[in-house]
Amino acid sequence: MAIEHDYFGYLGSENDDELYWSETVEVGERDVDVSLSSPEQDDVAEESLDIAAGLIGQLESLDSDAREAFVGELSTDTSNTIAYFYQSVAELGDEILDDAMSRESGDRQIDFLRSMALVRVSILPHHTGDDEPFALFEYSIAPGESDAVLIARFNINADVIGTETAS
């Protein structure tokens, strides 16, 4: 069985209980893969889908919020942002990183964060708690060179609730 929504249209998948939708959305001058999924359609309220649709309309603003959260982590040596920075330096090397960096202010870590590309946004409309990830924004410094990403987790209120790394 599928759910119909004004923005997303029919939501469904081969598994009757699962919801899935995806589309490429332009954010700034870059195409970003945006998906919405839930393992159980019964766990998704109409209000969550409305919030998800509104979130898609605010991707540029939320992108800025995520980057601010990453900058805030630069002062903590054990943060996910610092770990991703050093992992990228070790994995990619200076030449690839220099090619990937589109900004040059003199602060390499800030330039690194500003140069990361938002590559994917995953919306999880069944996560409605303040501490649950409603949206995951995935960033890569070199999308064609590395599978490693830095992720900002947003709750249903569009607050950044944490970061993580993944490969």
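A few remarks follow.
- Only helical runs count toward this figure. For the chain, summing -39,500 (n - 2.57) over DSSP H runs of n ≥ 4 and dividing by all residues gives -11000 deg cm²/dmol at 222 nm.
- Gain upon complete extension [residue 74, residue 31; 0.36 nm per residue less C-alpha separation]: 12.8 nm
- Principal semi-axes in Å for region 1-90 [√(5λ), Cα gyration tensor, largest first]: 32, 16, 13
- Between residue 6 and residue 98, the distance separating the two model label sites (each 7 Å from Cα on the Cα→Cβ line) works out to 5.3 nm.
- Note that region 152-159 has calculated 3J(HN,Hα) couplings of 9, 9, 10, 8, 5, 8, 6, 9 Hz, one per residue in order, obtained from phi through the Karplus relation 6.51 cos²θ - 1.76 cosθ + 1.60 (θ = phi - 60°); glycine and proline are x.
- Loop-located trypsin sites (Lys or Arg not before Pro) in region 63-167 (DSSP state not H, G, I, E or B) with no more than 13 neighbouring Cβ atoms inside 10 Å: 103.
- Separation in nanometres of the label points that stand 7 Å from Cα toward Cβ, at residue 119 and residue 107: 2.6
- Dipole-positive endmost among 19, 127, 158 within the chain (Cβ charges, Cα centre): 158
- Unit charges on C-beta of K, R, D, E only; dipole of the chain, Debye: 580
Bear in mind these aren't lab numbers, they're just calculated from the coordinates by the rules spelled out. What you see is a predicted model, and the numbers here were worked out from it, not measured in a lab. Reconstructed Cβ throughout: ideal geometry from the backbone, glycine too, with neighbour counts over all protein chains shown.
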